[in-house]
Amino acid sequence: MNVVASALRAPPAPQAQASQARERRLEPRPPAASFEEERLHRKQRLAATFRLFGRYGFDQGLAGHVTARDPEFPDQYWINPLAVHFSLLKVSDLQLVDHDGTILIGDRPINTAGFTIHSALHKARPDVIAAAHTHSTYGKAFSTLGTELLPITQDSCAFYEDHAVFDPFSGVVLDDGEGERLAETLGDRKALILQNHGLLTVGPTVEAAAWWFITMDNAAQTQLLAQAAGAVRPIAPEIARLTASQVGTHQGGYHSFQPLWDWIVAQEPDLLD
């Protein structure tokens, strides 16, 4: 037998296979060297999120807001100004506000409901770096059902036992008490369905919060389509729970955002201005 050919055909030893598998894993992002570096990272991903949301059609007039906690001053966060279309937003447009709604950096108004919701979330959840809420079409449509997402696909399993329904709808969220009740309903989960309103997601990175919103809206669309076609067959609880542990991690959300980041920056580099 040709020794070289035999060597090429031979599988690597188990230890070598394990080593190669580790090398192929997506590594977590290394810590930033400074507050300034981390701040720029979050603001750039926040601006990219708005551009992506614009591409997905998540914009709706003055509605919709995504926030990112400032790394140096955790009681302050960056938010989009009112009346700037998602598809036009740049890093330089982002405004810094505190929990009292005072605009610290920027000279444009902000969405009052956005401030009320995000202030309560960031206060209640120190682990939340970013939170996203828009009036996406499928998110709104699904929210009228007043029910949680069913684990009917691998993707929807990411939210299995990790989201809740906030009800009833009581108008635009302008009262601090309503924001606090919303945060209490969210608990330690990563997503909420705001009944008759839309979707909301949070994450320990801007990337994760943005990805969860995109994929949750897709899961809502998928369930609406499936139920319109007939009776659905949910995944068994034990399998849904296992799948959630595989596809529903925040690290997975972070990595799932990366191809979208690469794509939108290549398409619209002015977002970094």
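The values are calculated or read from the model by the stated rules, or taken from the named source; none is laboratory data. Worth saying up front: this structure is predicted, and the values here are computed from it rather than measured. With ideal geometry, Cβ positions are generated from the backbone for all residues, glycine too; neighbour counts draw on all protein chains shown. For the accessible areas, the whole protein counts, side chains as well, though only heavy atoms, and no ligand, DNA or RNA atoms are used. Shrake-Rupley method; radii C 1.70, N 1.55, O 1.52, S 1.80 Å.
If you take the residues of the range 150-174 that are under 16 Å from the mean Cα position of the chain (by Cα) and part of a loop (DSSP other than H, G, I, E, B), which of them is surrounded by the most Cβ atoms within 10 Å (Cβ to Cβ)?
Top of the filtered list is 160.
Restricting to the range 125-146, give me the number of residues that are open to solvent by 60 Å² or more (accessible area, probe 1.4 Å) and either within 25 Å of residue 243 (Cα to Cα) or among the hydrophobic types (A, V, I, L, M, F, W, C) (or both).
Qualifying residue count for the region: 3.
How do the pairs read when you match residues in the range 235-263 that are within 10 Å of residue 160 (Cα to Cα) with residues anywhere that are among the hydroxyl-bearing types (Ser, Thr, Tyr), using Cβ under 6 Å and keeping only pairs 6 or more apart or on different chains?
240/160; 244/160
For the range 163-174, does any single residue satisfy the condition of being modelled with pLDDT under 95 and acidic (Asp, Glu)?
yes
Inside the range 176-217, can you point out the residues that are small (Gly, Ala, Ser) and surrounded by 24 or more Cβ atoms within 10 Å (Cβ to Cβ)?
Once the filter is applied, which keeps residues that are small (Gly, Ala, Ser) and surrounded by 24 or more Cβ atoms within 10 Å (Cβ to Cβ), the range 176-217 yields 191, 198, 203, 208, 209, 210.
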